[in-house]
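*Asks:* One structure is given below, represented as C-alpha cells, and several questions about it will come after.
What follows draws every value from the coordinates through simple rules; no lab data is involved. This is a predicted model, so every value here is computed, not measured. Reconstructed Cβ throughout: ideal geometry from the backbone, glycine too, with neighbour counts over all protein chains shown.
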Amino acid sequence: MAQGRGSVMKCMTVMLCLMVCLKTCFAANYTVGDVSGWHLGVSGWPKGKSFKAGDVLEFKYTKFFHDVVVVDKRGYKWCRIPSGAPKFTTGEDRVTLKKGENYFICSFRFHCLFGMKIAVTAE
C-alpha cells in the first residue's frame, strides 16, 4: 500500500511539471508595433489581439531614441512615471505579461503624448 502512495505522488509531480512546461511552451510572442516596432503612434496596436498571462511582448526600437517603462493605469493615462517603475533600454526588450492590465510608455519627452504607449489586458 505504501508503494502505491509513492507512485501516485510521483505521478502527480510529473503531471504538475508537465502543466508548467505546457504553459511556458504555449505562451505567445508578440512584436509590439509589428514590423514597425515600438514607435510614435503605436497605441492602437493591441486592438483586436487576445493576450494571455505569460505571453511575451517584444519591444524593438533604437535604444538612444526610445525606452520602455512599465507604468500603472494613472501613469498610462497621464504619461507619468511612478517612482521605482521598471525601465527597459536595450532596444530589444522582452516583457512577460501578468494577468490583468499591463501598461507601457516611452519616457522620452513628449513620446508618450504622441501615442508611444500601449495598454494590454491579459487573461
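*Asks:* Hey, can you grab everything whose amide H is under 5 Å from the amide H of PHE51? Only 5+ residues off in sequence or another chain; H modelled, so Pro and N-termini drop out.
*Replies:* HN-HN under 5 Å from PHE51: GLU123.
*Asks:* Give the residues of the stretch 96-123 whose amide nitrogen is closer than 11 Å to a point set 7 Å from the Cα of ALA85 in the direction of its Cβ.
*Replies:* What the label zone holds, given the 11 Å backbone N cut-off, is 103-108, 112-113, 117-118.
*Asks:* Further question on the same structure: Hey, if you put +1 on the Cβ of every Lys and Arg and -1 on every Asp and Glu Cβ in the stretch 28-122, which of TRP38, GLY54, SER83 ends up farthest toward the positive end of that dipole?
*Replies:* Positive-end residue among those listed: SER83.
*Asks:* If amide hydrogens are placed 1.01 Å from N in the peptide plane, which non-local residues have theirs closer than 5 Å to the one on LYS60?
*Replies:* VAL32, TRP38
*Asks:* Which trypsin sites (Lys or Arg not before Pro) does the stretch 18-123 hold that lie in a coil by DSSP with at most 15 other beta carbons within 10 Å?
*Replies:* LYS47, LYS49, LYS52, LYS63, ARG80, LYS98, LYS99, ARG109
*Asks:* Counting pairs of alpha carbon atoms under 8 Å apart in space and at least six apart in sequence, what relative contact order in percent does the stretch 28-122 give?
*Replies:* After rounding, I find 36 percent.
*Asks:* Simple spin-label model, 7 Å along Cα-to-Cβ: ASP72 to GLU123 in nm?
*Replies:* Rounded to a tenth, the inter-label distance reads 2.8 nm.
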